[in-house]
Amino acid sequence: MTAYLLRRLLYAVPILIGVNLLTFALFFMVNSPDDMARLHLGDKHVTTEAIDSWKRARGYDRPLFYAPQEHGLSRLTETLFFQKSARLLVFDFGRADDGRDIGRDIRQRMGPSLAIAVPSLLLGLLVNITLALGMVFVRGSRLEHTGVFVAVLAMSISTLFYIIGAQYLLAKLLRLAPVSGWLDGLAGLKFLILPLLVGVLSGLGSGMRWYRLLFLEEAGKDYVRTARAKGLPEGRVLGRHVLRNAAIPILTGVVAVLPLLFMGSLLTESFFAIPGLGSYTIDAIQSQDFSIVRAMVFLGAVLYLLGLLLTDVSYTLADPRVRLQ
């Protein structure tokens, strides 16, 4: 397995370089530093001197890939690509356009994102699997058909509806929780109620439907029919055999999502005023701070590749017969 992991990590290097190059092309070749300066200065008749001053203050006055006026290695290092993009490969996120340390911001905002995302994932997983097993237990009945209808209906509703509905009904009318906000420590638990509820409800429809199909496929296999023929109760068959043998596809979905939890939820964090990575990205887009946006795009690519690697490793934990080569 060690050789496999090393090989996968080496494969990730050219992928990240490609992501870096593509991101650089989108941000600097399609949207030039002069265009970025005009966006920030906010004046159609801004002077050339103001644009040059803005670029010098933020390091955007360098050439894109090659600086012929420099000497030696500086011809490559004193460029926009090296200063703004190549450093991301060693996780040097640099500074935002307003001077803030992006790496420090990411470390500070990672906690609130995880405080929302991890409980939402675990609670949603528990609820979805329980309801899906219940639907398989009563398969063929009106109760199952009703559950499928509710799941499809829930899938058709936007997350924005759940957010606004929860804020209006539970926060404004019933006053069971604050509308939005954030506090560190135990004092902030009351601010987790609505985001957790929205996180579970918004994924309920697709989760129920996916796990139901997964369990139905397992329930029709020979080993399950054999267990029933031996006289085992249906609940025990579903819990001990069906659920256990469906562990690999369940792990595939869960482990692949784990690294992306660091990125937070863009909508949830923005509407509930949670200072996580999701709202951090939205704020950067709104303020046209492309240094932060580039860093978050690169971080998302790294976490996605890490998720794929963790998924492969989880196969061997769920089924000892699986060997990674």
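Checking GLN288 against (1) assigned to a helix (DSSP H, G or I); (2) within 24 Å of HIS40 (Cα to Cα); (3) of a type outside the set (A, V, I, L, M, F, W, C); (4) modelled with pLDDT under 85, which test does it fail?
Exception for GLN288: condition (1).
Pairs, please: C-beta under 7 Å, at least 6 apart or cross-chain, first residue at negative phi and modelled with pLDDT of 80 or more and in segment 23-42, second open to solvent by 60 Å² or more (accessible area, probe 1.4 Å) and part of a helix (DSSP H, G or I)?
Qualifying pairs under 7 Å: THR23/VAL297.
Checking GLY231 against (1) at negative phi; (2) open to solvent by 50 Å² or more (accessible area, probe 1.4 Å), only one condition comes out false. Which one?
Status for GLY231: all satisfied but (1).
On the basis of being assigned to a helix (DSSP H, G or I), open to solvent by less than 40 Å² (accessible area, probe 1.4 Å) and out of contact with any Gly (no Cβ under 9 Å at 6 or more places or on another chain), does LEU214 make the cut? If you could, list the steps in order and put the result at the bottom.
Values: assigned to a helix (DSSP H, G or I): yes; open to solvent by less than 40 Å² (accessible area, probe 1.4 Å): yes; out of contact with any Gly (no Cβ under 9 Å at 6 or more places or on another chain): yes.
Yes.
Being in a helix (DSSP H, G or I), free of Cβ contacts under 8 Å to residues at least 12 places away in the same chain and over 19 Å from LEU192 (Cβ atoms) is the filter here; which residues of segment 123-138 pass it?
Kept after step one, since they are in a helix (DSSP H, G or I), are these residues of segment 123-138: 123-137.
Adding the requirement that they be free of Cβ contacts under 8 Å to residues at least 12 places away in the same chain leaves 126, 130.
Residue satisfying the conditions is THR130 alone.
Enumerate the pairs (first residue in segment 278-305 and at positive phi; second residue anywhere and among the hydrophobic types (A, V, I, L, M, F, W, C)) with beta-carbon separation below 6 Å, excluding pairs fewer than 6 apart on the same chain, so at least 6 apart or on different chains.
Cβ pairs passing all conditions: GLN288/LEU39.
Quick one: in segment 267-280, of everything that is in a helix (DSSP H, G or I) and open to solvent by less than 20 Å² (accessible area, probe 1.4 Å), which residue is farthest from SER202 (Cα to Cα)?
Filtering segment 267-280 down to residues in a helix (DSSP H, G or I) leaves 267-271, 277-280.
Adding the requirement that they be open to solvent by less than 20 Å² (accessible area, probe 1.4 Å) leaves 268-269, 277-280.
Values: THR268: 11, GLU269: 14, LEU277: 20, GLY278: 17, SER279: 18, TYR280: 22 Å.
Only one residue tops the list, namely TYR280.
Just to be sure before I move on: is LEU73 within 30 Å of SER180 (Cα to Cα), loosely packed, with under 15 Cβ neighbours inside 10 Å and not acidic (Asp, Glu) in the structure I sent?
Numbers: within 30 Å of SER180 (Cα to Cα): no; loosely packed, with under 15 Cβ neighbours inside 10 Å: yes; not acidic (Asp, Glu): yes.
Considered against the rule, which asks whether it is within 30 Å of SER180 (Cα to Cα), loosely packed, with under 15 Cβ neighbours inside 10 Å and not acidic (Asp, Glu), LEU73 comes out as no.
Considering every residue within segment 85-98, establish whether at least one is open to solvent by 70 Å² or more (accessible area, probe 1.4 Å), over 22 Å from VAL297 (Cβ atoms), among the basic types (Lys, Arg) and free of Cβ contacts under 8 Å to residues at least 60 places away in the same chain.
No: segment 85-98 contains no residue that is open to solvent by 70 Å² or more (accessible area, probe 1.4 Å), over 22 Å from VAL297 (Cβ atoms), among the basic types (Lys, Arg) and free of Cβ contacts under 8 Å to residues at least 60 places away in the same chain.
Table: residues versus (1) open to solvent by 60 Å² or more (accessible area, probe 1.4 Å); (2) in a loop (DSSP other than H, G, I, E, B); (3) more than 30 Å from LEU216 (Cβ to Cβ); (4) hydroxyl-bearing (Ser, Thr, Tyr).
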| position | (1), (2), (3), (4) |
| --- | --- |
| GLY140 | yes, yes, no, no |
| GLU144 | no, no, no, no |
| LEU153 | yes, no, no, no |
| TYR162 | no, no, no, yes |
| LEU169 | yes, no, yes, no |
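The values are calculated or read from the model by the stated rules, or taken from the named source; none is laboratory data. What you see is a predicted model; the values in this text were computed from it and never measured. Neighbour counts run over all protein chains shown; Cβ positions are idealised from the backbone, glycine included. The protein model used for the area step is the full one, side chains on, heavy atoms only, and it has no ligands, DNA or RNA in it. Shrake-Rupley method; radii C 1.70, N 1.55, O 1.52, S 1.80 Å.
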